[in-house]
Amino acid sequence: MKIAIAGATGNIGSRTAAALEGQGHEVVRISRSLGVDLTTGAGLDDALAGVAAVVDATNSTATDRDEAVAYFGTTTRTLLAAEARAGVRHHVLLSIAAVHRTEGNAHYAGKREQERLVTEGSVPWTIVPFTQFHDFAEMVAGWTEQDGVAPIAPLLIQPVAPADVADVLAEIAVGEPQGRYVDVAGPETQDLVDMARRTHQARGRTVKLVPTWSGLFGPGMAGEIMLPGPDARIAPTTFDDWLAEQRR
């Protein structure tokens, strides 16, 4: 198949492209750095010519709710309109488990807008909600770290390996549209603070972690709200497995 990856230079997009190419599929990489702009549509029609499926693995670093909603809304409308013109038969969206149970987070608001547009659009779709990735804790600590100190929310999550995310997206992209897919999670629950501490150790770094709900993730995300649903698909790679890879 000929499959396009939006956000193809990112962590998940690049892995998904590699997974599909490893199976013999033709991959079209969509990224602003590669000359295709989802905010304006520049280069998009040419990129989607002959494409059967699109995987949307785009991301945003916006921390303002309105900015996140505007970004995901604009890029999703542009992408879906181009897919309709090109006759794309399957739109696969990388989304987040618990995105509809969590308020007060700008990124989640943007992803909800993205999901709304996909479900209301004319292109057949599959939305795949994943839990946070194994590298999420290190990333969150990096956002706030100053002078070796990083405030971080004590989230309870069930993280999934980025490589497993890519494998699932690749599997779904070559199949028929399924609507809203079950949550996809890793095999074990973890505390975000402990994950950050262990990841820093694996990297040979010393960072003082300060648990707090006063940052990007507030008390509305406490408890089990971030965990996957009871019918979740469990990916194989544990956090320990992933950490061992980081030490090599």
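The values are calculated or read from the model by the stated rules, or taken from the named source; none is laboratory data. Because the structure is predicted, anything quoted here is derived from the model rather than measured. Note: ideal-geometry Cβ built from the backbone for every residue, glycine included; neighbour counts use all protein chains shown. Areas reflect the complete protein model, heavy atoms only, side chains present, ligands, DNA and RNA absent. Shrake-Rupley method; radii C 1.70, N 1.55, O 1.52, S 1.80 Å.
Here are a few things to note about the model shown:
- Check on residue 228, open to solvent by 80 Å² or more (accessible area, probe 1.4 Å) and either within 13 Å of residue 158 (Cβ to Cβ) or without any contact (Cβ under 8 Å) to a residue 60 or more places away in the chain (or both): no
- Condition met for residue 82 (open to solvent by less than 30 Å² (accessible area, probe 1.4 Å) and either out of contact with any strand residue (DSSP E or B) (no Cβ under 8 Å at 6 or more places or on another chain) or not small (Gly, Ala, Ser) (or both)): yes
- Within the stretch 128-139, the residues that satisfy the criterion of being of a type outside the set (Gly, Ala, Ser) and in contact with a helix residue (DSSP H, G or I) (Cβ under 7 Å, 6 or more places away or on another chain) are 128, 130, 133, 134, 135, 138.
- Failed condition for residue 187, given (1) within 27 Å of residue 62 (Cα to Cα); (2) assigned to a loop (DSSP other than H, G, I, E, B): (1)
- When 62, 6 are checked against the criterion of being open to solvent by less than 50 Å² (accessible area, probe 1.4 Å) and at pLDDT below 95, a single residue qualifies: 62.
- Qualifying residue in the stretch 91-108 (condition: within 20 Å of residue 175 (Cβ to Cβ), in contact with a Ser or Thr (Cβ under 6 Å, 6 or more places away or on another chain) and either outside any loop (DSSP other than H, G, I, E, B) or of a type outside the set (Val, Ile, Thr) (or both)): yes
- Qualifying residue in the stretch 57-70 (condition: assigned to a helix (DSSP H, G or I) and of a type in the set (Val, Ile, Thr)): yes
- Considering residues of the stretch 232-248 that are assigned to a loop (DSSP other than H, G, I, E, B) and modelled with pLDDT of 95 or more only, the residue surrounded by the most Cβ atoms within 10 Å (Cβ to Cβ): 235
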